[in-house]
Amino acid sequence: MRSTYSSGNTRYITAEQIKEGQRNGTLYTGRVRMASVSAARGYLQPEGVEGNPMIYIESLPHLNRCMHGDTVAVELLPQAEWHNAARGSQRRDREKGRWSFYGRSLDEEKANEDEKLSALMEQATMIPTGRVVAILKADHPTEFTGVLKDT
């Protein structure tokens, strides 16, 4: 079990644990690229892995304080927690009890009956999803410029 800070961030693992994870194939390293649509999502293309795969990192707790361009160690989540590209845009409007899929409003029963939609959901690509367990090299400035306002 991982220990966490009160902020919800996971403590980083040790250098020895990183080496062991790389040896046994449970950890991947590479540079994080933040998604252009949200700073709470990122991507990693692992170094030294054939086929140019991508690992998706889908939340701030999983990004674990890393920033765009940092070289990090990532551990894959269980496959049941991987991001589903087709279902990623599926949202349930809880107040109205309806499903919306890529902006189309659907009744839940209709969604179950719609063969095309069901086939699309079943054929959805599962994207390997992981969490940052260590920052190996911070590649961002430590100095910031800004204005502080007293509230």
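The values are calculated or read from the model by the stated rules, or taken from the named source; none is laboratory data. Quick caveat, the model's predicted, so the values are computed rather than measured. Here the Cβ positions follow ideal geometry from the backbone for every residue, glycine too, while neighbour counts run over all protein chains shown. Note: areas computed on protein heavy atoms with side chains; ligands, DNA, RNA excluded. Shrake-Rupley method; radii C 1.70, N 1.55, O 1.52, S 1.80 Å.
A few remarks follow.
- Restricting segment 25-49 to residues that are open to solvent by less than 90 Å² (accessible area, probe 1.4 Å) and among the polar types (S, T, N, Q), the residue that is farthest from the chain's Cα centre (by Cα): Thr26
- Tally of residues being within 12 Å of Arg131 (Cβ to Cβ), open to solvent by 30 Å² or more (accessible area, probe 1.4 Å) and of a type in the set (A, V, I, L, M, F, W, C) across segment 50-69: 1
- When Ala73 is tested against (1) open to solvent by less than 40 Å² (accessible area, probe 1.4 Å); (2) small (Gly, Ala, Ser); (3) not in a strand (DSSP E or B), just one condition goes unmet, and that condition is (3).
- Tabulated pairs, segment 43-71, first under 14 Å from His83 (Cα atoms) and small (Gly, Ala, Ser), second open to solvent by less than 80 Å² (accessible area, probe 1.4 Å) and at pLDDT below 90, C-beta under 7 angstrom, 6+ apart or interchain: Ser59/Ala40
- Failed item in (1) at pLDDT 60 or above; (2) touching a strand residue (DSSP E or B) at 6+ places or on another chain (Cβ under 8 Å), with Pro53 passing the rest: (2)
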